[in-house]
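The values are calculated or read from the model by the stated rules, or taken from the named source; none is laboratory data. Only a predicted model underlies this, so the values are computations on that prediction, with no experimental measurement involved. Neighbour counts run over all protein chains shown; Cβ positions are idealised from the backbone, glycine included.
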Amino acid sequence: MAQHDVIIIGGGAAGMMAAITAKRRGASVLMCEKMPKLGKKLLITGAGRCNLSNDVLDASFYNPGSQALVRSVLGQFGKEAVFRFFKELGLATYADEAGRIFPVTNQAASVLKVLEMELERLKVTIDLGCEIKNIRVVKNGFEISAGSGERETGLKIILCAGGKSYPALGADGNGYALAAMFGHKIIEPVPSTVPLLVKDPWCHALQGQKLRVSVTSRIRGKEVRTASGELLFTQYGLSGTAVLDVSDEISIALNRDHEASVSVIVDLLPFMDEKELTAELSGKLAKGIACENLVEGLLPHKLSGLLRETLHGSDVAAITRLLKRKEFKVIGTRGWNEAEFTAGGIPVEEADPLTLESKLQKGLYFAGEVLDVQGRRGGYNLAWAWASGAVAGKTA
Ligand SMILES: Cc1cc2nc3c(=O)[nH]c(=O)nc-3n(C[C@H](O)[C@H](O)[C@H](O)COP(=O)(O)OP(=O)(O)OC[C@H]3O[C@@H](n4cnc5c(N)ncnc54)[C@H](O)[C@@H]3O)c2cc1C
């Protein structure tokens with residue numbers, strides 16, 4: 001049984017960054033990863049392209065409760081540091097028109113490869129297929145035990161075990177149990193960035209149809225967040241980037257707070273305001289265009305039939321209202337296999353914002369999705385994984 005300066009639990013984005021950072025400052029590092037390979041989730045990020053950061057990176061892109069901690073961490077390892085880190089590893093990147101940063105190869109495998117090359121160059125000890133089941137405090141730091149019975153000791157531990165999304169790729173929430181051993185409370189994890197379950201005849205009728213829309217979440221009668229982008233009608237409800245972007249608060253309301261009054265309001269024609277739309281529809285009616293054909297040319301043909309069934313007569317105000325504010329009651333979300341992220345986890349108040357050391361257990365640190373930090377889509381979650389991994393790796 002060897003003694004290490006730092007033991008890292010989890011070989012995802014945060015764990016690899018923490019290992020590289022700790023080893024570069026001279027610590028002896030052991031990284032334990034339960035899967036047979038490192039970075040399984042990293043490979044599927046950004047639909048295989050890996051949106052690894054964003055050109056506009058600050059705490060305002062994270063859940064409100066986490067922003068003070070995120071500000072402190074990004075203040076130490078922000079946008080420029082992420083850029084420099086990957087440049088030094090030989091990874092060329094570019095920003096798209098929305099500021100999202102990708103590798104020039106457009107392959108997440110390139111990101112994983114340069115990280116693995118650096119871990120190898122630094123001779124970080126990596127134990128693959130090693131799931132840590134228990135951590136206990138011993139005289140000289142901590143002793144960890146794996147499912148296989150293997151034990152190791154380390155002065156410091158960095159817990160980078162991720163959240164609960166896509167459990168087949170490794171992170172399945174067991175990291176929370178490890179943190180709870182030291183008295184950490186766990187904010188109930190719920191799927192975030194996740195498609196929504198909706199029972200509405202429109203979803204069935206328009207299944208497979210994609211539209212460019214604006215979506216607003218409405219919880220307990222209050223409009224919470226608006227996002228523009230794609231809406232996809234599916235067999236079970238609604239998906240697409242605009243829906244994913246408003247899904248976080250919805251999932252918390254439904255899955256954690258058991259709130260019944262949750263809906264999304266879809267503006268099917270965001271490029272026209274109500275006045276313009278009313279004028280357009282009135283003009284068409286005046287030309288003698290039949291009511292069922294009023295939206296031809298503005299929306300896909302399938303919608304004409306639906307409008308005919310939904311509305312009776314040629315009430316322009318009612319048609320305008322429906323097209324600008326079609327409300328769908330949300331009855332649930334899809335599960336962990338379709339959620340890109342986790343809302344919940346270790347409360348940020350229980351970690352030191354400067355070092356990410358546990359406030360309850362000296363020598364225990366956290367990084368990545370295991371903490372209750374959620375970034376917007378657009379590279380913010382990986383940016384958090386890199387930044388928190390670097391901060392924990394620097395001090396642990
Ligand atoms: C489909 C999808 C697409 C995404 N796309 C993007 C994107 O383009 N941009 C972006 O910013 N974010 C994206 N994300 C989110 C991003 O993947 C996460 O933010 C990031 O991977 C979190 O890193 P992490 O290291 O904290 O956790 P993980 O990457 O989940 O790594 C945790 C690791 O810990 C290991 N582990 C868990 N428990 C133990 C244990 N007990 N012992 C040993 N090992 C353990 C797991 O096997 C896993 O490898 C996406 C997520 C998904 C699911």
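Does residue 375 qualify as being in contact with a Gly (Cβ under 8 Å, 6 or more places away or on another chain) and in contact (Cβ under 8 Å) with a residue 60 or more places away in the chain?
No.
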Select from region 160-203 the residues that are among the basic types (Lys, Arg) and modelled with pLDDT of 95 or more and write down the one among them that is surrounded by the most Cβ atoms within 10 Å (Cβ to Cβ). 164
So how many residues does region 166-196 have that are assigned to a loop (DSSP other than H, G, I, E, B) and either among the hydrophobic types (A, V, I, L, M, F, W, C) or within 11 Å of the ligand (Cβ to nearest atom) (or both)? 10
Checking 30, 43 in turn, the sole residue that is more than 16 Å from the chain's Cα centre (by Cα) and modelled with pLDDT of 95 or more turns out to be 30
How about region 262-297: which of its residues are of a type in the set (Gly, Ala, Ser) and either in contact with a strand residue (DSSP E or B) (Cβ under 7 Å, 6 or more places away or on another chain) or assigned to a loop (DSSP other than H, G, I, E, B) (or both)? 263, 288, 290, 297
Residue within region 201-222 that is within 16 Å of the ligand (Cβ to nearest atom) and either assigned to a loop (DSSP other than H, G, I, E, B) or not charged (D, E, K, R) (or both) present: no
Filter region 214-241 down to the residues that are buried (at least 16 other Cβ atoms within 10 Å of the Cβ), of a type outside the set (S, T, N, Q) and closer than 13 Å to residue 327 by Cα and list them by number. 215, 218, 219, 237, 238
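Of 38, 43, which residue is surrounded by fewer than 22 Cβ atoms within 10 Å (Cβ to Cβ), within 10 Å of the ligand (Cβ to nearest atom) and assigned by TED's automatic domain parsing to the domain that holds residue 143?
Exactly one residue qualifies, and that residue is 43.
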Find the residue count for region 146-182, including only residues that are within 14 Å of residue 130 (Cα to Cα), polar (S, T, N, Q) and over 21 Å from the mean Cα position of the chain (by Cα). 1
Among residues of region 46-65 being among the polar types (S, T, N, Q) and part of a loop (DSSP other than H, G, I, E, B), the residue nearest to the ligand (Cβ to nearest atom) is 51
Identify the single condition in (1) within 9 Å of the ligand (Cβ to nearest atom); (2) in a loop (DSSP other than H, G, I, E, B) that residue 148 does not satisfy, given that it satisfies every other one. (1)
Would you please list the contacts, defined by Cβ atoms under 6 Å and residues six or more apart or on different chains, that run from a residue in region 330-351 that is under 20 Å from residue 260 (Cβ atoms) to a residue that is within 14 Å of the ligand (Cβ to nearest atom) and part of a loop (DSSP other than H, G, I, E, B)? 333/194; 334/194; 334/195; 343/374
Test: residue 222 is within 22 Å of residue 63 (Cβ to Cβ) and at pLDDT 90 or above: yes
Looking at (1) within 20 Å of residue 197 (Cβ to Cβ); (2) in contact with an Asp or Glu (Cβ under 8 Å, 6 or more places away or on another chain), which one does residue 252 not meet, given that it meets all the others? (2)
